[in-house]
Amino acid sequence: MPTGKDLKRLVRARMKRTGESYTAARAQLLKKTNAVGRPAEAGRYVERVPVASGFSRTANYAEIAGMSDASVKQATGCTWERWVKALDKAGAAEKSHRDIAKLVAFFGTPNWWTQMVTVGYERIRGLRDKGQQRSGGYQATKSRTVNVPVSQLYAAFANPRTRRRWLDVNATVKSVSPKKRVRLAWDDGTFAIAGFYERGAGKSMVAVEHHKLPDKASAAAKKKAWGEAFDRLASLVM
């Protein structure tokens, strides 16, 4: 159970990242963690488990992280609660995004899930809002599973003529890792990274992260746009 010392450590980490005063940083952390805890009392920061409502601490973690506990456990072997305990013990709350990701990757998680666990942990610990990057900008994420081989799904992104049939014509491919990854850039300075994953015989998934969006509204709009683009993509490849 985190103590007052743990709360001070999180406050200092936020102060370093945002430039806020101690009082402002502490207030923001307590506000963000109300869903999984209650404000410090008598020098202690105490986690709350609202048993009477049937809403578990783990469920709170999943809601804040933006990914179900069952999905995380199936993909990584650990629940959000176990991830939070392990990363807290390693001092992740005071580390950069890159260093937290290294800690997660140490446990052998797939690349996409390494980022998912890292981002989820940062949200749970109040280091970023949902959709926000540690740098302060926002990102939109979207995924889709389709009944085609991963090679065909990858080609729909990498081939410019095919891509123009379902995605914004202003998108330009900047780098690729065949059948695994495509990085796209737009004229407005934003960029997206698409990862490709096999999901059984003749089935594959694409997961996209669109970065450097200016605010929550832009992230929500971009997420919707990717959903609509994926609808066009699915109609094209299937």
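Each value in this text was obtained by applying a stated rule to the coordinates, not by laboratory testing. Bear in mind the structure is a predicted one, so any value in this text is a computation, not a measurement. Note: ideal-geometry Cβ built from the backbone for every residue, glycine included; neighbour counts use all protein chains shown.
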(request) May I ask you to sort 143, 204 by Cβ crowding, counting other Cβ atoms within 10 Å and putting the fewest first? (result) 143, 204
(request) Could you pull the Cα extents of region 138-237 along its three principal axes, largest to smallest, in whole Å? (result) 39, 21, 21
(request) Using per-residue counts of other Cβ atoms within 10 Å, averaged over each peptide, order 93-101, 157-165 from highest down. (result) 93-101, 157-165
(message) Exceeding 30 Å between C-alpha atoms, which entries from my cross-link table qualify? They are 179/223; 73/224; 89/223; 85/222.
(response) 89/223; 85/222
(request) Pop out the Kirkwood hydrodynamic radius of region 53-165 from its pairwise C-alpha distances, inverse of mean 1/r, in Å to one decimal. (result) 15.6
(request) Taking 7 Å along the Cα-to-C-beta vector as the label spot, tell me the residue 203-residue 129 distance in nanometres, rounded to one decimal. (result) 3.6
(message) Could you list 116, 15 so that the one with the fewest beta carbons within 10 Å of its beta carbon is first and the one with the most is last?
(response) 15, 116
